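Q: Pasting a structure here, questions to come.
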Amino acid sequence: MDYRESFFDYLQFEKRYSIHTVGSYRNDLRQFFLFIEAHAGHNEVREVAPSDVRAWMVTLLEKGYSQVSVHRKISALRSFYRFLQRNSKADSDPASKVILPKRRKRLPQFIEEGSLERLLDIYDFGAGFEGVRDRTLIEMLYSTGIRRSELISMRDSDIDIESGTVRVTGKRNKERIIPLLPSLATDLLTYREVRRDAGIDSPEGWFFLTSGGNKLYDKLVYNIVNRYLQMVSTVEKKSPHVLRHSFATHMLNNGADLNSIKEILGHANLSATQVYTHNTFEKLKEVYKQAHPRAKN
C-alpha cells in the first residue's frame, strides 16, 4: 500500500472523515501528483519542493479555480505531508512555505422568510409519494438546519415523534439531538403513512427514499431542492445548503442566541456560526438607513 492509500485510511478510520471528504482529498492529491509528474518529471513525495506547490497553485488560479478551492486543495496537501512527517516518510512540508491567495469573504446566501413560507404553506406539491416526500424533505432541511448528507443518512429509528426530536449523525460520526417543530412532526407522520400506502420500504431503515425504495443520493436531493427554490427565489445558489444558511439567518433574525444555533447546526466552533451574524447586521443597517431621519439627508 502506498503512502497516499495509508493517508486515506487514516482520514476515514482514525479521523472519521466522511466518504465525501475523503473523496475530495483523494481527488486533490491525485490532481497535484499528476501535475508534478508533468511539471517536474517525478511524483515522489520526498522530492516535491515549495516551488512545485507554488507552480501548481498558479496553474489552478490561471484555470479559473476560486481562492476557496485553491485554499482547500493546499490544505489537503498540507494534511498529507503532516501525516507523512508523523510517520517519518517525509522530512518537511513543501506546502507550509507557500503564501496562499487572499480569500474574499462571501456572506452565506439565504432565502427570504416569506418566500419559504409561500413555498411550504401555499404551493401544491401533490398528494402522491414523491410530492409528499419532496415537501417533507425541504421542510426538514429548513426547519432543522441539517446538512444534505445528514438528511440522506437519516433512518426511521432516528425520528422520535413522541418526544418531538430527531437524532442526527454529523461530521466525524458525532451525534446530536434536534427538536422537531409540531408541524414538522405531523408532516413526518404523514410522509410515513404515504410511503407505507405506496408500498415503499427500506430493509436498511432509511427514512427518505426514492420511489423505487432506495436510499436518496446527493444529486437527487440537490435537484429536488433546486427545482422548488427556483419557484420562489432569485438567489444565485439554490442548493440544500442554502436552506441551512436560511435556517441559521432566520433564527438569528428572530432572536435566537448564537450558542443555541451552534449546537443545532453541529458546528465544532462558535466562529463557524458567527458568519451568520453578518447577514443579521446587514439587515440591521438596512433598517437603520430607512428609519433614521438623518439617513435621508
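Where a number appears in this text, it was derived from the coordinates with a stated rule and is not lab data. The structure presented is a predicted model; accordingly, all values stated were derived computationally and were not measured. Note that we place each Cβ from the backbone using ideal geometry, even for glycine, and neighbour counts take in every protein chain shown.
Q: Students often get this wrong, so check it: of 63/238; 63/262; 174/215; 15/238; 15/97; 102/237, which have C-alpha atoms separated by over 27 Å?
A: Pairs exceeding the cut-off: 63/262; 15/238.
Q: For segment 107-169, what are Rg and Dmax over the alpha carbons, in angstrom?
A: 13.2, 38
Q: What ³J(HN,Hα) values, in whole Hz, does the Karplus curve 6.51 cos²θ - 1.76 cosθ + 1.60 give for segment 4-10 when θ = phi - 60°, with x put for Gly and Pro?
A: Values, residue by residue: 5, 5, 4, 5, 5, 5, 4 Hz.
Q: Once the Cα gyration tensor of segment 13-156 is found, what semi-axes does its equivalent ellipsoid get, as square roots of 5 times the eigenvalues, in whole Å, sorted largest first? The partial results should precede the final answer.
A: On the way: eigenvalues 360, 70, 35 Å².
After scaling each eigenvalue by five and taking roots: 42, 19, 13 Å.
Q: So for 251, 140, 154, fewest C-beta neighbours within 10 Å to most, what's the order? Please report the intermediate quantities before stating the final value.
A: Values: 251 19, 140 25, 154 22.
Least crowded to most crowded, the residues run 251, 154, 140.
Q: Treating the angle as unsigned and between 0 and 90°, give the value, to the nearest 10°, between the Cα long axis of helix 218-229 and the longest Cα principal axis of the chain.
A: Rounded to the nearest ten degrees, it is 50.
Q: Taking amide H positions as placed 1.01 Å from N in the peptide plane, with prolines and chain starts having none, which residues 5 or more places from residue 216, or on another chain, fall under 5 Å of its amide H?
A: 210
Q: Rounded to the nearest 10 degrees, what's the angle between the helix 276-291 long axis and the longest principal axis of the chain, both from Cα atoms, 0 to 90?
A: Tilt of helix 276-291: around 60 degrees.
Q: What translational D, rounded to a whole number of µm²/s, comes out for segment 3-97 from Stokes-Einstein when the hydrodynamic radius is the Kirkwood one over Cα pairs, at 10 °C and 1.306 mPa s?
A: Values: Rh = 13.6 Å.
Taking Rh from Cα pairs, D becomes 117 µm²/s.
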